[in-house]
Amino acid sequence: MGMTIAQKILSAHLVDGEMVVGQEIGLKIDQTLTQDATGTMAYLQFEAMGVDQVKTERSVAYIDHNTLQSGFENADDHKYIGSVAKKHGIYYSKAGNGICHQVHLERFGAPGKTLIGSDSHTPTGGGIGMLAFGAGGLDVAVAMGGGAYYIPTPKMVRVNLVGKLSPWVAAKDVILDVLRQMTVKGGVGKIVEYAGEGVRTLSVPERATITNMGAELGATTSIFPSDEVTKAFLEAQGRGDVWVELSSDADAQYDEEYTVDLTALAPLAAMPHMPDNVKAVDEIGEIKVNQCCIGSCTNSSYYDMMKVAAILKGKTVHPDVSLTISPGSKQVFDMLAKNGALSDIIAAGARILECACGPCIGMGQSPESGGVSLRTFNRNFEGRSGTQDAQIYLVSPEVAAASALTGVLTDPRTLGDAPEIVMPEHFDINDNLIVKPAADPSAVDVVRGPNIKPFPLGQALEAAYTGKVVLKTEDNITTDHILPAGAKLLPYRSNVPYYSNYCFINVDPAFPARCKEQNGGVIVGGANYGQGSSREHAALVPLYLGVKAVLCKSFARIHKANLVNSGIIPLTFADPADYDAVNLLDEISLPNVLEEIKNGSQVTVKCGGKTFMADCDVSTRQRGALIAGGTLNFAKQQAK
């Protein structure tokens, strides 16, 4: 039987296990990336491992999230990350160089390679045929130390692209249509592979937009073939030597198949407050718009920005709209400045922001109270923008730019002829904001500011546990619900004790105090618990607050792995109906938890006068980690 592209890369990097769907496999990792919101913790964990130099082909530390330096905290984190990188063989992309996924696509990514990053949108690399995974910081630290990255062997999904995009219809509309078909839970445990005649009509930036938002499907990752389009992009970046051709075999088998008719697509929007709440722009109608934000790792490429500049040229942003532009990298920004497109954008009345994540991570540009904001981003979870009652719509750059001019949600097809953008034969290359590792690591001192605190470690699992239900949530709890981001809180990512005061505050403001009063306990959740960002803090902070287990209907992949890494037991209701029998502050006990984790896949739960079973669907390796109180403790035991 033939193999898919993903299966070929998995097979070539397999170091542990067998590729049987659902069974855990260990993969050799070629490249890693971190960003500064997750990087500080990842490098503290890497240092704790005692490895002198990274063992990957290339590891890169990016500064792109916490770039607003309103106090010493972010600057201190950057100094720490920069010094750790220099000492341990890691490339360091300074603030201003751009968003990790955009820069990595331009300067480091390579077809056929494996990449993990401590950011959930790392699958952007699939746009050039990488097998790229979002992961927790500890998983990245282990990979940097030469260890394998473990995932359950995923199912394979084929998305057939037929036809060609019509004028004014964008790659963003492609992935929104896939989300409309598959939902935010439809990709869990699966790799999405794009194929069909429509693939060759899409540029690398368009492909990267699509793989980027595969994270919103809950997918393990997404990938495109590596073809002549890929080769041309890499050659234009001066990196043609890393290109290899990659395609699936004609007789490859897929577990599911979907079709997107590119020709039939119309401009789409994801309405508040989920990326799969998708309707056609003309169906939603001309709602009044207060803000348009163009950028993020989804839509900040040179290709996207040139389209926006062409739409805005010679026109003026509507007086009731604030339009912000965030170029994805210094390369993009510099090329826009040189060819005059930046001048067209500025003249139209747009506000130019730094080459960083910015508003997408809640770092500034929060909308007005109850405001409508159109964003070319990847997530529109409630409150993520920094304004709890804002109405966030996810759209293409074309829709955002058109709407910024009219003041209402606008189908860009009403503007006349669409601009035609040609990919450059040569990108301007200037890597002067990328700092190489030190030639003499012994001469480098690691700098630690006062905001950098030790990360919490779990404790070995005891024979039984009894506590209280300290929180009960509904479905689709995101890591933004668990730990908000934004300019006020992101500076404290390296200070877990301080950050713990804000855990779940937008769901239940009393949660941190309740945890402290009850000495921790058990969180009970609905379906798709922990979707969204890869932020490891969504496990580390509950660990600090004494949470011993999370019992829910189903988990998002990365968060479940992060819970295990932290030593928090991930349990799912064997019978989802038992969810209704559990209430806040009920006494809950796991009377045989140690023995059951050791020897089986189910754990006995007593709660609310009822006894029922919960599944603990983890691998043998993960069982060892839970028993030891977390992956780092387990690794230290194994090393003795």
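Only the coordinates and a few stated rules stand behind these numbers; no lab work does. Please read these numbers as outputs of a predicted model, since none were measured by experiment. So basically every Cβ, Gly included, is an ideal-geometry build from the backbone, and we count neighbours across all protein chains shown.
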* Within the P(r) computed for the stretch 120-225, what percentage of the Cα pairs occupies the region above 17 Å? -> 51 percent
* **Residue order, fewest to most surrounding Cβ atoms within 10 angstrom, among S222, S566** => S566, S222
* To do: Note the full-extension length gain between S601 and Q388 as 0.36 nm times their separation in residues minus their Cα-Cα distance, in nm to one decimal.
  => 72.7 nm
* Determine the distance separating the Cα centre of the stretch 190-268 from the Cα centre of the stretch 8-37; give it in Å without decimals. => 20 Å
* **Residue list for the stretch 60-98, given a label point 7 angstrom along the Cα-to-Cβ vector of D52 and an amide N cut-off under 13 Å** => 88-89
* Which value, in debye to the nearest 20, gives the size of the charge dipole of the chain about its Cα centre, when Lys and Arg are +1 and Asp and Glu are -1 at the Cβ? -> 1360 debye
* Note down the magnitude of the dipole of the stretch 232-374 about its Cα centre, charges +1 on Lys and Arg C-beta and -1 on Asp and Glu C-beta and zero elsewhere, to the nearest 20 debye. => 1080 debye
* Structure fact -> Answer check: the stretch 216-265, Cα atoms, Kirkwood Rh, Rg/Rh ratio of 1.06
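What is the stretch 374-423's relative contact order, in percent, from Cα pairs under 8 angstrom and six or more apart in sequence?
28 percent
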* What percent antiparallel are the DSSP beta bridges of the chain, to the nearest 5? -> 35 percent
* Computed lengthening from D508 to N432, 0.36 nm per intervening residue step minus Cα-Cα distance -> 22.8 nm
* When all alpha-carbon pairs of the stretch 1-140 are counted, what percent fall beyond 21 Å? -> 43 percent
* Asked: Which shape class applies to the stretch 27-95: rounded if a/c is under 1.5, otherwise prolate when a/b exceeds b/c and oblate if not, where a ≥ b ≥ c are the square roots of the Cα gyration tensor eigenvalues?
  -> prolate
* Starting from 0 in steps of 10 Å, tell me what percent of the Cα-Cα pairs of the stretch 559-640 lands in each bin. => 18, 46, 28, 7, 1
* To do: Find which of V260, S203, V15 sits farthest along the positive direction of the dipole of the chain, computed with +1 on the beta-carbon of Lys and Arg, -1 on that of Asp and Glu, about the Cα centre.
  => V15
* For the stretch 71-172, the spread of Cα positions along each principal axis, largest first, Å -> 51, 36, 23
* Among A463, I361, T410, whose Cα lies farthest out toward the positive end of the dipole of the chain, if unit charges sit on the beta carbon of Lys, Arg (+1) and Asp, Glu (-1)? -> A463
* **Value of [θ]222 nm, deg cm²/dmol, for the chain, DSSP H segments ≥ 4, -39500 (n - 2.57) each, nearest 500** => -8000 deg cm²/dmol
* Structure fact -> For the chain, using Cα atoms only, the Rg and Dmax in Å read 23.4, 71
* Structure fact -> Quick numbers on the stretch 503-577, Rg and Dmax over C-alpha atoms in Å, give 11.7, 31
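In whole percent, what relative contact order does the chain give with Cα contacts below 8 Å and a gap of six or more residues?
The normalised contact order for the chain reaches 14 percent.
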* Listed residue pairs exceeding 24 Å between alpha carbons, taken from K87/K231; K155/K636; K330/K560; K560/K606; K548/K606; K279/K472 -> K87/K231; K155/K636; K330/K560; K279/K472
* So if R0 is 30 Å, what FRET efficiency would Q518 and V21 give, r being the distance between their Cβ atoms, rounded to the nearest 0.05? -> 0.15
* Toward the positive end of the charge dipole of the chain, about the Cα centre and with charges on Cβ (Lys, Arg +1; Asp, Glu -1), which of A400, S442, I116 goes farthest? -> S442
* What is the stretch 287-374 by shape, rounded, prolate or oblate, if you read a ≥ b ≥ c off the alpha carbon gyration tensor as root eigenvalues and call it rounded for a/c under 1.5, prolate for a/b larger than b/c, and oblate otherwise? -> oblate
* **Radius of gyration and Dmax over the Cα atoms of the stretch 493-536, both given in Å** => 11.6, 30
* **Kirkwood hydrodynamic radius of the stretch 228-350, from inverse mean 1/r over distinct Cα pairs, in Å** => 18.0 Å
* Asked: So how strong a dipole does the stretch 93-200 carry about its Cα centre when Lys and Arg Cβ are +1 and Asp and Glu Cβ are -1, to the nearest 20 debye?
  -> 120 debye
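In µm²/s, what is D for the stretch 437-577 at 10 °C and 1.306 mPa s, where D = kT/(6 pi eta Rh) by Stokes-Einstein and Rh is the Kirkwood radius from Cα pairs?
100 µm²/s
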* Specify the inter-centroid distance of the stretch 273-287 and the stretch 571-640, based on alpha-carbon positions, in whole Å. => 40 Å
* Exposure proxy check: T406, T38, T153, T414 ranked by fewest other beta carbons within 10 Å? -> T414, T406, T153, T38
* Footprinting exposure proxy for M144, M423, M274 (fewest neighbouring C-beta atoms within 10 Å first) -> M423, M274, M144
* To do: Starting from the Cα of D417, step 7 Å along the direction of its Cβ; do the same at I284; then give the gap between the two resulting points in nm.
  => 2.9 nm
